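All of the numbers you see were taken from the coordinates with simple rules; none came from a lab. Being a predicted model, the structure only gives us computed values, none of them experimental.
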Amino acid sequence: MLRIGFVCALSFMLMLSGCGNKGVRQENHVPQDEILNTTSVVEWQEAYVALLWEYAAKPSPVEWFDARRLFILYDIDKDGAPELIVLYAHTGFNTEAIYTFSYGDIVRVDGGIFIYYSTAHSPPNNRPGIIMAATQSHPDVPDISSYVLMVIDDYKLINEITITHAREEWWQWWNGEETFRESGWYINNKRGSESEFNDIYNEIFRGWDESKPLFPSEITEANIQEIVFGWQAY
């Protein structure tokens, strides 16, 4: 069961498509206008706060499960204003929606991330994008290391480059089909060489594990104050 769960999670990470979401109860919360008056705000902060409270008031995306709603603020495209990633907790952290702030308006970005056996990180050297890394070595799961650089292109979060080192046969759901893949080196899900893998890893991914993980926080007054109003690029 653990093997199946990991492989499904890894295959999902390699496909990385968006998912649905849920609401978090707000009890005795500070009124929005009071929060906004506690500090000077820029346009994206005010817009994201209003949007977060809208999401917090929505019902759970999982009918039989009270999934917590969370969010990440991270400047994916490195334009100086962060993107807002809204997620819910159910078998990992699933994306409901991603938003960017462009020319004074909130714009929805297609796609999403999935944090389960994979982790999300800021790319080294201030490179635009998000790195999704899955590195597993466990008796019950395939021995695989996979790294994905995701970037925003025309309001879509896409996989710019994916590299995988499989040290044993592994199962993958790819292009609508179940596939068993041999051990080896893969570039964008096609067989490659160790030297190709290493060249791309050294150019794009080396140092990913030294960056602060992009971990979601629940939608609360305290987190809005700290994360939205205290946001700094990293």
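Close amide H pairs (under 5 Å, H built 1.01 Å from N) link Leu214 with Ala120, His121, Ser122, residues at least 5 positions away or on another chain. The slack between Arg206 and Arg167, meaning 0.36 nm per residue of separation minus the straight C-alpha distance, is 12.1 nm.
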